[in-house]
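What follows draws every value from the coordinates through simple rules; no lab data is involved. Bear in mind that the values here come from a model prediction, so they are computed numbers and not experimental data. Note that each Cβ is placed from the backbone with ideal geometry, even for glycine, and that neighbours are counted across all protein chains shown.
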Amino acid sequence: MEEKKDLQTQEGEMTTLDVETPLDKNVRLLSPTRMVLRRFFRSKLSIIGLVMLIALFAFSWLGPVFYTQWGEIEVDRVGAVVYQEFPATVFENGSFIQVIATNNGVNALAPPSIDHLLGTDEQGMDIFTRLMYGGRLSLTLSFLSVFLTTALGVIMGGIAGYYGGIVDNIIMRICDVLICLPTLPLMLIIGTVLEANKIPSEYYIYLLMGVLSLFSWPGMARLVRGQILFLREQEYMVAAEAMGYSTPRRIFKHLIPNILPQILVSMTLSLGSMILYESTLSYLNLGVKIPYASWGTMIEVISRRTDILQYNLNVWVPSGICIIIAVLGFNFIGDGLRDALDPKQRR
């Protein structure tokens, strides 16, 4: 490959020299996708977060396949024991007798053993099994809620940012109203309404989280709107309009893909928040109804039984650890995606 270079001589005249520059055959151009993946997997926190989530998903979905000793709502009545509730004696029928209580034939609050790897809860159900099924429900709820919130936010934000004017004002005022609504009292009201209508326990939490998603999209809509307000004036959008492309095609094929990195990062960080939402609702007795399990429901028992909080750590600590791992994993991946998708990153 020959390249012509202009060199200035001592007399000030310009001369042209033919210089042969060898082509480096070892240089390879990386596609944008490969560059993003390379940056993502170079981050140690991203790898740690990915390992955390893979372990949780494998534990929740593959665990029940191999550990089939107990079911999610199966109660252990074989190992029922009689225990002393408190050391006291009472005078009855002319003699002192010791007060003894039974657990009604249920092996409740059993310590960890071969039969129950993490023991049993107050209902006599295996904690290890319920931890796996609870992970399924908690992770599924978080993904469904985030996808619903993102879909609503992208649609409403895309319309507001592209059309502007009165459409933008109406949608943004709706966002302002929804943001002003207090989330916790609203959930209490909605939960009471669902209970009054006798919603089946297996569908109750899905409806509650779905309603929560309907009130959580303004943040995503504001993000999408701000980006589209900037991108809609770019040259490629003018060209798309000149070629006669329809409005939905211009929004969802040319504008939304350009803000996809910001959407992905926001979704990833929101997944951890949704798991905490579900745990909070369960702690307030608004989550999954017994006998079904979720990580939040398994912690809720400590709000009713202080003795379990103090003496039966195996009942609530494992689910708390799973929640912490899930939230940290999603946040680590979100941080890694944010850095990997940053166009200013050159390495």
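If I take every Cα pair under 8 Å that is 6 or more residues apart in region 127-252, average their sequence separation and divide by the length, what percent do I get for the relative contact order?
41 percent
Between residue 45 and residue 239, what length comes free when the chain is fully extended (0.36 nm per residue of separation minus the Cα-Cα distance, one decimal in nm)?
Value of the extension gain: 65.7 nm.
Just in region 251-326: which trypsin sites (Lys or Arg not before Pro) are loop by DSSP and have at most 14 other Cβ atoms within 10 Å?
Sparse-neighbourhood loop trypsin sites (Lys or Arg not before Pro): 304.
Add +1 for every Lys or Arg and -1 for every Asp or Glu among the other residues with Cβ under 14 Å from the Cβ of residue 67, and state the total.
Result for the local shell: -2.
If you place +1 on the Cβ of every Lys and Arg and -1 on the Cβ of every Asp and Glu, how big does the dipole about the Cα centre of region 172-304 come out, in debye to the nearest 20?
180 debye
Which whole-Hz ³J(HN,Hα) couplings does region 315-332 yield from phi under the Karplus relation 6.51 cos²θ - 1.76 cosθ + 1.60, θ = phi - 60°, glycine and proline marked x?
7, 10, 5, x, 5, x, 5, 4, 5, 4, 5, 5, 5, 5, x, 5, 5, 4
Run the numbers for residue 69 and residue 273: contour at 0.36 nm per residue of separation, minus the present Cα-Cα distance, in nm.
Details: separation 204, 0.36 × 204 = 73.44 nm, distance 3.30 nm.
So the extension gain works out to 70.1 nm.
Magnitude of the Cβ-charge dipole of region 125-220, K/R +1 and D/E -1, about the Cα centre, nearest 20 debye?
80 debye
In whole Å, what is the distance between the alpha-carbon centres of region 139-198 and region 262-303?
18 Å
Only four residue types carry charge here, +1 at the Cβ of Lys and Arg and -1 at the Cβ of Asp and Glu. Report the dipole size of region 221-272 about the Cα centre in Debye, rounded to the nearest 20.
With Lys and Arg at +1 and Asp and Glu at -1, about 180 debye.
From the backbone phi of region 262-277, what are the Karplus-calculated ³J(HN,Hα) couplings (6.51 cos²θ - 1.76 cosθ + 1.60, θ = phi - 60°) in whole Hz, Gly and Pro given as x?
Computed from phi, the couplings for region 262-277 are 5, 5, 4, 5, 5, 5, 4, 5, 6, 4, x, 5, 5, 5, 5, 4 Hz.
At a threshold of 8 angstrom on Cα-Cα distance, excluding pairs fewer than six apart, so keeping six or more, what relative contact order does region 190-298 reach in percent?
33 percent
What full-extension length gain, to one decimal in nm, is calculated for residue 246 and residue 203 as 0.36 nm per residue of separation minus the Cα-Cα distance? Let's see the in-between values first.
On the way: separation 43, 0.36 × 43 = 15.48 nm, distance 3.97 nm.
Separation in residues times 0.36 nm, less the Cα-Cα distance, equals 11.5 nm.
Estimate the FRET efficiency between residue 303 and residue 173 by the formula 1/(1 + (r/R0)^6), using the beta-carbon distance for r and 51 Å for R0, to the nearest 0.05.
Rounded to the nearest 0.05, the efficiency is 0.85.
What is the local net charge at residue 172, summed over the other residues whose Cβ is closer than 13 Å to its Cβ (Lys, Arg +1; Asp, Glu -1)? Let's see the in-between values first.
Details: positive: 173, 222, 225; negative: 168, 176.
Net charge around residue 172: +1.
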